[in-house]
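I'd like to ask you about the structure that follows.
Please treat every number below as a calculation from the coordinates, not as lab data. Bear in mind the structure is a predicted one, so any value in this text is a computation, not a measurement. FYI the Cβ positions are ideal-geometry reconstructions off the backbone, even for glycines, and counts take in every protein chain you see.
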Amino acid sequence: MSNVPAIDIHNLTASYERKPVLWEIDCQFPQGKLIGIVGPNGSGKTTLLKNIMGLMKPDSGYVKIFGDKLNKVRHRVSYVPQRESVDWDFPADVMDVVLMGRYNPKKLFSRVTQEDRDIAIEALKRVNMLEFSKRHISQLSGGQQQRVFIARSLAQQADLYLMDEPFVGVDAASEDAILSLLTDMKNNGKTVVIVHHDLQTAYEYFDYIALLNTRLVACGPTEEVFTSELLQEAYGGRLTVLSRIGELIAKKDFPVREKGQKDN
Amino acid sequence: MNTWVLINAVVIALSCSLAGAFLVLRHRAMLTDAISHAVLPGLVIAFLISGSRNTAAMLIGAFAFGFICIFLVEFFRRYVRITDDASIGITFTSLFAIGIILVSRYTDRIDLDQECVLHGEITYSALKRMALPGTNWHVPQTFVSGMAMLFIVSLLIAIGYRGLKITSFNPDYATSIGVSVTLWHYISGGIASMVTIVSFEAVGAILVIALMVIPAATAWLISKRLPAMLLNTTILSVTGSVFGYWVAIWLNVSIAGSIAFLLGIQLMVVILVKVVARRLPLQRATK
Amino acid sequence: MASLWTYFNHPNFWWVLAGTTFLSAISALVGTFTYLQRKSLMGDAIAHGILPGVAGGFLIAGEKNALVIMIGAIVWGVLTVSSIEWISRKTHLRSSTAMAVVLSAFFGLGMMLLTVVQTSGLPDASGINSFLFGQAASMLPEDLMVYSVFAVVVAFVLAAVYPHLTIISFDRATAESNGFNVRRVDAVLSILVVAATAIGIQSIGLILMAALLITPAAIARMWNSRLIGMLIFSGGIAALAAGMGSVISFTAPAMPTGPWIVLILFAFTLISMVISPQRGLLKRYRQQKKNQDIILRENFIKRLYHQWERSGQTAFHLSDIEDTPSKRTLRYAVNNDWIQLAGNSIHLSEKGMREGRRITRAHRLWELYLSKALRMRDDHVHPSAEVMEHLIGDDLEKELLRALDYPLTDPHQRDIPYEP
Ligand SMILES: Nc1ncnc2c1ncn2[C@@H]1O[C@H](COP(=O)(O)OP(=O)(O)OP(=O)(O)O)[C@@H](O)[C@H]1O
Ligand SMILES: [Mg+2]
């Protein structure tokens, strides 16, 4: 396995309506690990994921994936959005959704092949959802919906997986099943990044953790990050200096970088 | 001749309802309301400049205003931070107002009037005929343009099926695999604008909305998968227009109004059946 | 001017003018609340949905009777709201889809009834069109009385539920969790919208009625951030537009009133968009220009300060300075006594030195803050500090000093300069 970090985030600042919610995030995620992005509600975990996946344009900084621009390595990356981000009443059954994992923007106009189908069935088997493949997606429980999303992600056959809160609304048994699946993937050399907000389980699940609270509090192997001092800092509230300067930026419509200045 | 009126209504219903399906799936149904009002000034201006019912000129005019509408909505929302629905409301009422003022100002120079804007002229759609190239058959112009539009809409949906589907269901995921959500938004909006423009003259502003939204919404309630939903949408649009036409002739009332209302009745029946079915314990056991 | 006088002397003119301005203002007040709750298009759905009530009222009364038509409109308006509510409750369709459905189906029914009216041979049957696009000039004092009575009732109800509306407009979630009956307030607001729509049908017409509910509120929002200010503003602007529309309606009787009112409101929107103090483009442009000016001149004085730091010299030649300053920057610096300029030679004054020191201090404090509080790598902190140095004022500087405990050096081991 190469030493290039799976994800390299450089000086990333991101805002909604001009107000920064992520400040100068700067960290690397190694390959072949199960990595957690952990922080309190509203700390910017989803926003960070969105910036990594190019769903938002950052105010400053950039993200490299396997040492490259996202566009060059998109086929190696799989993204699982938060479950609430879709309309589950959409007219589609479980198989339809998993097959979306086989869509390729370059071959958007071609048809589903038998190979695609086999891959989708295999993915459904791995999340234990094969028997539901003909069921309408609105008739699934929250945990089952989550597993359909993971099956779609598996069908993408990527090297890097980014999942936003895959354990929300999932019962303990399913959580264990999903976790062992993710561990399997890691053991096969895949990199799995997971947004997670439960501190209790984070310690046992992840090899590597990024602690977030509008700024990066810590980023490193779990044992190094899980100190009471760092946890207290992450969960101990916002920094007043950051909030106040963020308000100034929004109020004065001030840029975050000078004109023409690039983060190299 | 009456048969032609019905055939024209059905052809228009098919393309409108198919085009509307993806807007309904995207929860953008009210955008049809906006587009169908906003194209009016384009039609009138094209009319005034070209001095006749020149179809090409009207298409260009309407397209221009369709785009002005979408642009203004986006502009108000992004730069002045007016809420999404209010931007839609301000834009289309204003553009429609311009259209109505032009219509009443130049009422002598164009054969559009305030009523035609609302009702359309489906009754007269069979009058203007043209010969099919190479044959001796004379068919209504509206039928020819309607068929052409139906062909284009079906083709676009067949080609763009996956793109439309994935960007409607899960935009974030689509972006993550490199499918441009913005592009497909504009494609689905563009298809809707096109059918609006072509159908506007024949069926008027309101029936266009009804055709684009109601069959698709009804079909959504009874279909498990997207292909089934599209099929049901077309079936419901045909039954709605046939019943509507029939009722209109029977009661001697506005055809456009009657079709719109009958489409609404179909939806109500479907909801009632579903509500009753849900109450039946038998049904629950099988699900 | 003589021609205008004849209108002023027209027996109906003052009636109509007073009536339409009052009615429109009341409608706009109700619209302000729907705007704040992001339910603006509800007004459009209702306005289209009441057509069967209007046409039915006409058929029942057998003439253009404002009271009967008004009651018909309100009954159908309530039916429209309940249908939308029913569809979104019984199915998974969102309320925007339900609106489009109900709006078009009911308007279709209305169109059917309109054709019945037109073929009915009733006297005044063609007058029904004035409800579609408005015909202020054709309103009789009796009609106005009816509409105004309803408008007064709307105003009273609005005043009575004002505190409740305020709560659900600004903090719906909290209100809901506090056991506040949100649904009842919603229902009252819906009925107010129905009434507000119905009172405008003859002056502005139902097709464009939505504009009166939406546009004044959106304009008011651009000028005010407080609710009471918004209400006054939107009521005023609606009254103004309606007044102007009525005048046009009198001067050109063939023209419908509604489109003119809407067009005038649209013009107000565009104007506000450019010049409004809250969100105007002009203000935004000026602010950005100002930001750029600040960045340029502060960078200039910072650079002089750095050169002084290195060399101990306070005199420079203009060509020695990297990034030659613009004339504008130089003028500002001279006018503020930061420098003295003689030909091409610059002398850094005491005041300029203080300014340069302040900016350098802000820069280094910020770098240190990023390094300490955000644990950033020392070679990554510079780009952010290049901008934040221009934003950090006295207050924030104090806060930073406190947070960092009056540090002496930045992450690059350079001194943090304090005032001697
Ligand atoms: N679309 C938006 N517009 C404005 N502000 C937003 C938007 N989305 C998120 N925010 C704000 O940005 C901050 C970070 O949000 P984000 O969703 O990234 O947090 P999170 O860590 O994922 O929280 P959670 O654990 O609740 O999912 C929050 O304060 C939130 O209020
Ligand atoms: Mg989140």
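What does the charge count near B:V144 come to, summing +1 for each Lys or Arg and -1 for each Asp or Glu among other residues with Cβ under 12 Å from its Cβ?
Neighbour charge sum, excluding B:V144 itself: +2.
For each of B:T123, B:T167, count neighbouring Cβ atoms within 10 Å of the residue's Cβ, then give the residues from fewest to most.
B:T123, B:T167
Another one. Of the residues C:G134, C:G243, C:G352, which exhibits the maximal mean-square fluctuation in a Gaussian network model of chain C defined by a 10 Å Cα contact cut-off?
So, out of C:G134, C:G243, C:G352, the one fluctuating most is C:G352.
Continuing with this model, one more query. Determine the shielding of peptide C:382-388 by partner chains: average, over its residues, the number of Cβ atoms on other chains within 10 angstrom of each Cβ.
Mean shielding count: 6.
Let me ask something else about it. Give the separation of the Cα centroids, the range C:184-218 to the range C:333-372, in Å.
58 Å
Which of the three applies to the range A:161-215, rounded, prolate or oblate, going by the alpha-carbon gyration tensor with a ≥ b ≥ c and a/c under 1.5 meaning rounded?
Note, shape of the range A:161-215 comes out oblate.
Could I ask something else about it? Contact order normalised by length for chain B, with contacts defined as Cα pairs under 8 Å and 6 or more residues apart; what percent is it?
Computed value for chain B: 28 percent relative contact order.
Can you give the FRET efficiency to the nearest 0.05 for C:D394 and C:N335, using r as the Cβ-Cβ distance and R₀ = 30 Å?
After rounding to 0.05, the efficiency reads 0.85.
Taking the beta-carbon count within 10 Å as an exposure proxy, list C:E350, C:E176 from fewest neighbours to most.
The order, fewest Cβ neighbours first, is C:E350, C:E176.
Charges only on Cβ, +1 for Lys and Arg, -1 for Asp and Glu: so what's the dipole of chain A about the Cα centre, in debye to the nearest 20?
1140 debye
For the range A:30-181, what relative contact order do you get, as a whole percent, if you take Cα pairs closer than 8 Å and at least 6 residues apart?
Reported relative contact order: 30 percent.
Give the residue from B:I177, B:V11, B:F71 lying farthest towards the positive end of the charge dipole for the range B:3-213; charges sit on Cβ (+1 for Lys and Arg, -1 for Asp and Glu) and the dipole is referred to the Cα centre.
Going by the Cα projections, it comes out as B:I177.
Let me ask you something else. Take chain C, connect every pair of alpha-carbon atoms lying under 10 Å apart with a spring to form a Gaussian network, then pick out the residue of C:L404, C:L227, C:L41 with the largest mean-square fluctuation.
Maximum among the listed residues: C:L404.
May I pose another question? Using only Cα positions of chain A, each an equal point scatterer, no hydration layer, compute I(q)/I(0) via Debye at q = 0.07, 0.10, 0.12, 0.14 Å⁻¹ and quote the log10 values to two decimals.
-0.26, -0.53, -0.76, -1.01
Moving to a separate point now. Please state, rounded to one decimal and in Å, the Kirkwood hydrodynamic radius that chain B gives when every pair of distinct Cα atoms enters the mean of 1/r.
19.8 Å
Arranged by the count of other C-beta atoms within 10 angstrom, fewest first, what order do B:D84, C:D320 take?
In increasing order of surrounding Cβ atoms, one gets C:D320, B:D84.
I would also like to ask the following. Take the cross-link list A:K252/C:K398; A:K57/A:K252; A:K33/B:K165 and give me the ones stretching past 32 Å between alpha-carbons.
Result: A:K33/B:K165 exceed 32 Å.
Something else: Could you work out, residue by residue across C:397-407, how many beta carbons of other chains sit within 10 Å of that residue's beta carbon, and then give the average as an integer?
1
Then there is this: Tell me, what HN-Hα J-couplings in whole Hz come from the Karplus equation 6.51 cos²θ - 1.76 cosθ + 1.60 at θ = phi - 60° for each residue of the range C:166-178, using x for Gly and Pro?
So the Karplus estimates, Gly and Pro as x, are 4, 4, 6, 6, 9, 8, 4, 4, 5, 4, 5, 6, 7 Hz.
Another question about this same structure. Any of A:K107/A:K186; A:K251/C:K351; A:K19/A:K50 with alpha carbons more than 21 Å apart? Name them for me.
Cα-Cα > 21 Å for A:K107/A:K186; A:K251/C:K351; rest within.
Just going by the charge dipole of the protein assembly as shown, with Lys and Arg at +1 and Asp and Glu at -1 on Cβ, which of C:M111, C:I26, A:Q82 is farthest out on the positive end?
C:M111
Further question: Quote the FRET efficiency, to the nearest 0.05, computed for A:Y203 versus A:N128 with a Förster distance R0 of 30 Å and r equal to the Cβ-Cβ distance.
Calculated transfer efficiency: 0.70.
Picking from C:P216, C:L231, C:Q278, whose Cα lies most toward the positive end of the charge dipole for the protein assembly as shown (charges on Cβ: Lys, Arg +1; Asp, Glu -1)?
After comparing all options, I get C:P216.
Would the protein assembly as shown count as rounded, prolate or oblate if I go by the C-alpha gyration tensor, calling it rounded below 1.5 in a/c and otherwise prolate when a/b exceeds b/c, oblate otherwise?
oblate
Also, I was wondering about something else. Please compute the modelled spin-label separation between A:A172 and C:T251, points set 7 Å along Cα→Cβ, answer in nm with one decimal.
Each label point is offset 7 Å from its Cα along the Cβ direction, giving 8.0 nm.
For the range C:145-231, state which trypsin sites (Lys or Arg not before Pro) are in a DSSP loop and have at most 11 other beta carbons lying within 10 Å of their beta carbon.
C:R226
Further, regarding this structure: For n ≥ 4 DSSP H runs only, could you compute -39500 (n - 2.57) per run for the protein assembly as shown, divide by its residues and tell me the 222 nm figure to the nearest 500?
Counting only the DSSP helices, I get -21000 deg cm²/dmol.
Let a ≥ b ≥ c be the square roots of the eigenvalues of the Cα gyration tensor of the range B:187-287; is it rounded (a/c under 1.5), or, if not, prolate (a/b larger than b/c) or oblate?
It comes out oblate by the Cα gyration axes.
Between C:I294 and C:I60, take the C-beta separation as r, use R0 = 51 Å, and let me know the FRET efficiency to the nearest 0.05.
Calculated value: 0.15.
Which whole number gives the average, over all residues in A:101-111, of C-beta atoms from other chains lying within 10 Å of the residue C-beta?
Whole-number average of other-chain Cβ neighbours for A:101-111 is 4.
In nm, what is the difference between 0.36 nm times the number of residues separating B:R78 and B:T123 and their Cα-Cα distance?
11.9 nm
Report the label-to-label distance for B:R278 and B:I49 in nanometres (one decimal), using points 7 Å from each Cα along the Cα→Cβ vector.
It is 5.1 nm.
While we're looking at this one, here's another question. Let me know the Kirkwood hydrodynamic radius for the range C:142-272, please, with Cα pairs as the basis and the value in Å to one decimal.
16.0 Å
Which residues' amide hydrogens lie under 5 Å from the amide hydrogen of B:R129, considering only partners 5 or more residues apart or on another chain, with H built in the peptide plane?
Amide H neighbours of B:R129: B:Q141.
Assigning unit charges at the beta carbon (Lys, Arg +1; Asp, Glu -1) and nothing else, what dipole magnitude in debye, to the nearest 20, does the protein assembly as shown show about its Cα centre?
Value, rounded to 20: 980 debye.
Mind checking which of C:D405, C:D143, C:D44 has the largest fluctuation in a GNM of chain C, springs on alpha carbons under 10 Å?
Among C:D405, C:D143, C:D44, the largest mean-square fluctuation in the Gaussian network model of chain C belongs to C:D405.
Excluding C:A173 itself, what net charge comes from residues whose Cβ is under 15 Å from its Cβ, given Lys and Arg +1 and Asp and Glu -1?
Here the count lands on 0.
Further question: May I ask you to list the trypsin sites (Lys or Arg not before Pro) in the range A:95-140 that are in a DSSP loop and have at most 15 other Cβ atoms within 10 Å of their Cβ?
A:R111, A:K134
Spin-label point model (7 Å from Cα, Cβ direction): what's the A:T227 to C:D323 distance in nm?
That separation, rounded to one decimal, is 3.8 nm.
Would you give the gap between the C-alpha center of the range C:232-297 and the C-alpha center of the range A:24-102, rounded to a whole Å?
42 Å
Quick check for me: using +1 on Lys/Arg Cβ and -1 on Asp/Glu Cβ, what's the dipole size of chain C about its Cα centre, in debye to the nearest 20?
The calculated dipole for chain C is roughly 280 debye.
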